[in-house]
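The values are calculated or read from the model by the stated rules, or taken from the named source; none is laboratory data. This structure is a prediction, so every number in the text was calculated from the model and none was measured. Counting neighbours? That spans all protein chains shown, and the Cβs are built from the backbone with ideal geometry, glycine included.
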Ligand code: NAP
């Protein structure tokens, strides 16, 4: 029998959609997906699994870690009847912190949106049929893939892909920090970091910023920002905590060491839309294009989308959660109109 609603994705958008859909008695099935943020992580949960302290999610006056926030959302969804696609079909006991580790959460490999009900094909080629779908697969921050980067990013060692999420942590106060990239994000994040840091270096691989004029001016005018032109990090140095980066000059090939107390990647994001196989309308940057920007409907009726997979602008846990709520309400109404309760 076809599922009423399948939710693909397990970040704030996916879990919030699952909470709302489960409370509406839709018993949603969640493809939580395999961890993409880092191979060393055991559990899914999207980009927040790579964040240490989340201080700006309302309701947590003393902050909460990214993985804990995701575990809370998952528990809340399961409590109301959401099911999670795992190896043995058993929804994990989310109150037991060790239980999830014995599972393989399932990835959705592909979808077929040309038929009704839709087909969701999982990584073992099992086909799940669904009347409605919510796509909340997010986007992943791009990383350089250099030695030391992931080890220090996953251990809270001062390497991050989100200055807004992590920059205000005490570990970065009054330190010299680095931001890699030359786009609007790099300038915006560097500017934000100057509130806490003693100095911020923008490390850019060319001799010209990609950022808009106004953002470039902002960087130039900020006495705490210095741009290191024609440089790429080739190694992050430090055992438990970042101590610096080894930089290569892209013009001369010269290698130098720059001591740093933190390193932030701002080299773009990649939305997880490849598995859709071109069946949903995407924008030029491969984010899902919503049929109405204020709602969650996509170019295919019955398919809804939420979170970073549609949003290249805000990319916050709270905005993703809000979109997940909208998608669940839209899906519930759409199913009800078709007599599926
Ligand atoms: P982006 O514009 O794609 O810029 C990415 C930057 O990272 C580029 O400067 C690129 O260098 C560099 N880069 C990419 N891969 C690299 C690598 N492997 N090694 C070293 N450097 C690498 O991404 P974004 O800055 O995240 O912006 C995304 C979109 O959001 C843009 O449309 C932007 O305008 C928008 N945005 C707007 C605001 C705002 O208006 N306030 C703020 C943030 C973002 P090259 O320049 O050499 O390609």
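Inspect the stretch 218-229 for any residue being under 30 Å from residue 14 (Cβ atoms) and not in a strand (DSSP E or B) and give the result as yes or no. The answer is no; no qualifying residue exists. Taking the stretch 185-217 as the range and being near the ligand (Cβ under 7 Å from one of its atoms) and assigned to a helix (DSSP H, G or I) as the test, the residues that pass are 185, 186, 188, 215. Name the strands (runs of 3 or more DSSP E) wholly inside the stretch 246-341 in which the number of residues that are away from the ligand (no atom under 16 Å from the Cβ) is 2 or more. Strands (runs of 3 or more DSSP E) meeting the threshold: 255-259, 303-305. Filtered by the rule that a residue be in a loop (DSSP other than H, G, I, E, B) and in contact with a strand residue (DSSP E or B) (Cβ under 9 Å, 6 or more places away or on another chain), the stretch 230-240 gives 230, 238. Of all residues in the stretch 202-215, at least one satisfies being in contact with a strand residue (DSSP E or B) (Cβ under 9 Å, 6 or more places away or on another chain) and either surrounded by fewer than 21 Cβ atoms within 10 Å (Cβ to Cβ) or farther than 14 Å from residue 265 by Cα (or both).
When the stretch 162-175 is limited to residues that are assigned to a loop (DSSP other than H, G, I, E, B) and out of contact with any strand residue (DSSP E or B) (no Cβ under 8 Å at 6 or more places or on another chain), the one that is farthest from the ligand (Cβ to nearest atom) turns out to be 174. The condition (being touching a strand residue (DSSP E or B) at 6+ places or on another chain (Cβ under 9 Å) and either part of a helix (DSSP H, G or I) or near the ligand (Cβ under 10 Å from one of its atoms) (or both)) is satisfied by just one residue among 178, 182: 182. Suppose we keep only residues that are under 19 Å from residue 143 (Cβ atoms) and within 10 Å of the ligand (Cβ to nearest atom) within the stretch 218-234. Which one would you say is surrounded by the fewest Cβ atoms within 10 Å (Cβ to Cβ)? For the stretch 218-234, the residue satisfying everything is 232. Candidates are the residues of the stretch 148-161 that are under 16 Å from residue 260 (Cα atoms) and within 15 Å of the ligand (Cβ to nearest atom); the one that is modelled with the lowest pLDDT is 161.
Could you list, in sequence order, the residues of the stretch 112-143 that are within 16 Å of the ligand (Cβ to nearest atom) and buried (at least 16 other Cβ atoms within 10 Å of the Cβ)? Correct list: 138, 139, 140, 141, 143. Residue 273 falls short on exactly one of the conditions (1) closer than 22 Å to residue 145 by Cβ; (2) within 24 Å of the chain's Cα centre (by Cα); (3) assigned by TED's automatic domain parsing to the domain that holds residue 147, and that condition is (3).
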